[in-house]
1. Filtering segment 268-280 down to residues that are among the small types (Gly, Ala, Ser) and touching a residue at least 24 places away in the same chain (Cβ under 8 Å), which residue is surrounded by the most Cβ atoms within 10 Å (Cβ to Cβ)?
2. For segment 207-216, state whether one or more residues are over 23 Å from residue 310 (Cα atoms) and of a type in the set (A, V, I, L, M, F, W, C).
3. Whether any residue in segment 306-325 is part of a strand (DSSP E or B), closer than 30 Å to residue 247 by Cα and either open to solvent by less than 80 Å² (accessible area, probe 1.4 Å) or small (Gly, Ala, Ser) (or both) is what I want to check.
4. Hey, any hits in segment 294-317 for a residue that's among the charged types (D, E, K, R), out of contact with any helix residue (DSSP H, G or I) (no Cβ under 6 Å at 6 or more places or on another chain) and over 30 Å from residue 353 (Cα atoms)?
5. Does segment 130-140 contain at least one residue that is in contact (Cβ under 8 Å) with a residue 40 or more places away in the chain and more than 22 Å from the chain's Cα centre (by Cα)?
6. Spot the failing condition for residue 348; the list is (1) in contact with an Asp or Glu (Cβ under 8 Å, 6 or more places away or on another chain); (2) under 21 Å from residue 216 (Cα atoms); (3) of a type outside the set (Lys, Arg); (4) at pLDDT 85 or above, and only one is missed.
7. Within the set of pairs 6 or more residues apart or between chains, which connect a residue that is within 13 Å of residue 164 (Cα to Cα) inside segment 6-24 to a residue that is open to solvent by 80 Å² or more (accessible area, probe 1.4 Å) with Cβ atoms less than 6 Å apart?
8. Do any helices (runs of 4 or more DSSP H) lying entirely in segment 206-253 carry at least 2 residues that are closer than 17 Å to residue 284 by Cα and open to solvent by 50 Å² or more (accessible area, probe 1.4 Å), and which ones are they?
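The values are calculated or read from the model by the stated rules, or taken from the named source; none is laboratory data. From a predicted model like this one, the values you see are computed outputs, not experimental measurements. Cβ sites come from the backbone with ideal geometry, for glycine too, and all protein chains shown count toward neighbours. Only protein heavy atoms, including side chains, enter the accessible area calculation; ligands, DNA and RNA are left aside. Shrake-Rupley method; radii C 1.70, N 1.55, O 1.52, S 1.80 Å.
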Amino acid sequence: MINKDTTHQVVELAAAIQNEESFDDFVETTLSRLEKIFKANSSVVLNWNDFKWGGRTLSKEDMFFHNDNVNQEWNYPALHHEDPLYEWIQSGHCHGDLNAIRLSDLISFRQLKKTRFYTELLQAMDCRYVLTMAVHHQGDILASISVTRPKEEHDFSTSDVLLAQLITPILANALSHILLKTQSEQQIDIFNILNDKLDDKAIIIFSDDFKSVYRNEKMTRLGKQLSKYGNSISDIFERSARVKRNIELFKSHNKAKQRRLPKLINDVADINENLSISIQLEFSIQNNKAYLLVYMERNSDIGQGSDIQQDYDLSQREYQIYQLAINGLSSQEMGKELAISPWSVKNHLKNIYKKTGVNTRIQLSQLAIASL
């Protein structure tokens, strides 16, 4: 129920978070106060802004727990596809619910307890009831903030949902100021860093809290290729002792150590007996903030075709048609060459266009020339 005490607590919350300048301080101030307002036992924030804007997948570093019982083995990124609240936000349905909802409004407990999301995370946190607020700025999701109760308590009431709907704009106002200010500063830094760089290699940039703030298209494609071998970009760092050691120094938050890091570090990481990755680390200081630039380049991959085939994940048949297309053969001529119908050729060409991002054979030829 919304009463005088609750109203006073909300006013105090609004005043407190307006003075916060960092995301970490915002989280600490907000979660502790929301737990009191909603009589919750624990709470959690998922920072959508970092992984959505940073061009990377969801990671553990995007989640911040408060008063939780979760151990180090939790793996929400592997479970999020079973989380109805994640889908509620990702699909945009949260807008129709004024950005606040109970988990029980989305799924019955009978269904929920059959999911790994419940058995491996919620149950481990002694969490039975969840109330989530989706914090947006100009239509873009910034964060989701959830308060939780154990099974011994009652579910959040409809009055709690109404109160959460009223609080969400307050949270959005404060959080957008913090995150967008940080993002704007990072964009300027990234522009200065990349201003004199040639974008001919796969590149990813990390801020001093080791969150990716930029990656080019080549790095995105390389990341997809590495995932086929069971590796992520971060996993590659573990395969080079020299790279790993210097990254740990970068992550230390010790400005003195960061400034003593060598300007450039080059090494090679072996993925398997046929494939290795050249890695170059470059450390940069912009506006008294440290950034790590990582360049990667595939060295060899025996029997796996050309760079074009791997860069755009073309199948063997698609690569054959790509080669014939850039050499000027018509669909009928390619069909005869490969003993398939012209219709099949055109179907493969559509897939090639979709994967490479071009619309014509002329653009496909230009892509081939650019890759030389």
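1. Going through segment 268-280, the residues among the small types (Gly, Ala, Ser) turn out to be 269, 276, 278.
When the remaining residues are screened for being touching a residue at least 24 places away in the same chain (Cβ under 8 Å), the result is 269, 276.
Details: 269: 21, 276: 17.
Among those residues, the one meeting the criterion is 269.
2. Initial filter on segment 207-216 (over 23 Å from residue 310 (Cα atoms)): 207-213.
Right, trim to of a type in the set (A, V, I, L, M, F, W, C) and you get 210, 213.
Yes, there is a match, as at least one residue in segment 207-216 is over 23 Å from residue 310 (Cα atoms) and of a type in the set (A, V, I, L, M, F, W, C).
3. Keep residues of segment 306-325 that are part of a strand (DSSP E or B), which gives none.
Scanning segment 306-325 turns up no residue that is part of a strand (DSSP E or B), closer than 30 Å to residue 247 by Cα and either open to solvent by less than 80 Å² (accessible area, probe 1.4 Å) or small (Gly, Ala, Ser) (or both).
4. Checked segment 294-317: no residue is among the charged types (D, E, K, R), out of contact with any helix residue (DSSP H, G or I) (no Cβ under 6 Å at 6 or more places or on another chain) and over 30 Å from residue 353 (Cα atoms).
5. Taking every residue of segment 130-140 in turn, at least one turns out to be in contact (Cβ under 8 Å) with a residue 40 or more places away in the chain and more than 22 Å from the chain's Cα centre (by Cα).
6. (2)
7. Close Cβ pairs (under 6 Å, with a partner that is open to solvent by 80 Å² or more (accessible area, probe 1.4 Å)) amount to 13/33.
8. On the way: elements: 217-227, 233-237, 241-250.
Because the criterion is at least 2 residues that are closer than 17 Å to residue 284 by Cα and open to solvent by 50 Å² or more (accessible area, probe 1.4 Å), the helices (runs of 4 or more DSSP H) in segment 206-253 that meet it are 241-250.
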